[in-house]
1. Subtracting the Cα-Cα distance from 0.36 nm times the residue separation, let me have the gained length for residue 39 to residue 97 in nm, one decimal.
2. Before anything else, pin down the relative contact order of the chain: Cα pairs under 8 Å, at least 6 apart, normalised by residue count, whole percent.
3. Using a 1.4 Å probe and counting only protein heavy atoms, arrange 57, 101, 140, 164 so the residue with the most accessible area comes first.
4. For residue 183 and residue 125 in one chain, what is 0.36 nm times their gap in residues minus the Cα-Cα distance, to one decimal in nm?
5. On the principal axes of its Cα set, how long, how wide and how thick is the stretch 1-66? Give whole Å, largest value first.
6. Calculated from the structure, log10 I(q)/I(0) by the Debye sum over Cα atoms at q = 0.08, 0.10 Å⁻¹ equals which of [x] -0.32, -0.49; [y] -0.37, -0.54; [z] -0.25, -0.39?
7. Please give the contour-minus-distance gain from residue 159 to residue 132: 0.36 nm per residue of separation, less the Cα-Cα distance, rounded to one decimal in nm.
8. Leaving out ligands, DNA and RNA, and with a 1.4 Å probe, what % of the accessible surface on the chain is carbon or sulfur?
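The values are calculated or read from the model by the stated rules, or taken from the named source; none is laboratory data. Just so we're clear, the structure is a prediction, and the values are computed from it rather than from any experiment. Here the Cβ positions follow ideal geometry from the backbone for every residue, glycine too, while neighbour counts run over all protein chains shown. Only protein heavy atoms, including side chains, enter the accessible area calculation; ligands, DNA and RNA are left aside. Shrake-Rupley method; radii C 1.70, N 1.55, O 1.52, S 1.80 Å.
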Amino acid sequence: MSRIIVFGAGGNAGRRVVAEAVSRGHAVTAVVRDPGGHEGLRGAGVTLVAGDVTRAESVAAVAAGHDAVVSTVYRADVPPDAFYTAAAEALVAGLTKAGVERLVTVGIGTALEVAPGVAVHDAPDFPEEYRRFSVGHASEIAVLTGSGLDWVVVTPPPVVLDAEAERTGTYRTGGVAVLPVEEGAGAFSYADLAVALVDEATEGRHTRAVVAVA
């Protein structure tokens, strides 16, 4: 059994990571800004706590004693470059202080490459408002690269993920490029993204890398 802490536990990906980890017998700490709004996360194997992923002191306080961290955080009310940079910096500093080395974060598919060195969000016709979010989200990678953590950025395809599809427990992995779509395959699901995140948190299949999943 591992002790896993999930930042952003109240979101689409976070809720499923909590459920997936608990189903495997792991002890989970679910971190949200306001626990009062996420009482449904409470249950056997889950400790619900308040935390701020952009403050190193908060990260260190809640993460101490855990084996791995999964971050699925999102804020709509903060500029993405400011939020994701601050979150990455706080995670690096806080986890270092807490003595937790393994960090698994969710990347954004539009930052994956469609050609060597060319991201989806660099296409001439890519909408500028979405490009700002994609570039901002990807700003965490530079921060993690410069850290001493054992990190991995698990990145789903550049499509809207399926929130209804059942868990299959299977997925493909790649590198920094968009994985080709298999004939007849539906949209990648949040449920299987959670499987990939928990696999990385508990088994450490990749290290210090961006990993595409599909």
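1. 18.0 nm
2. For the chain, the relative contact order is 21 percent.
3. Final ranking, largest accessible area leading: 164, 101, 57, 140.
4. Roughly 18.3 nm would be gained on extension.
5. Computed over the Cα atoms, the extents are 30, 25, 17 Å.
6. [z]
7. Working: separation 27, 0.36 × 27 = 9.72 nm, distance 1.65 nm.
Length gained between residue 159 and residue 132: 8.1 nm.
8. Of the solvent-accessible surface of the chain, carbon and sulfur hold 54 percent.
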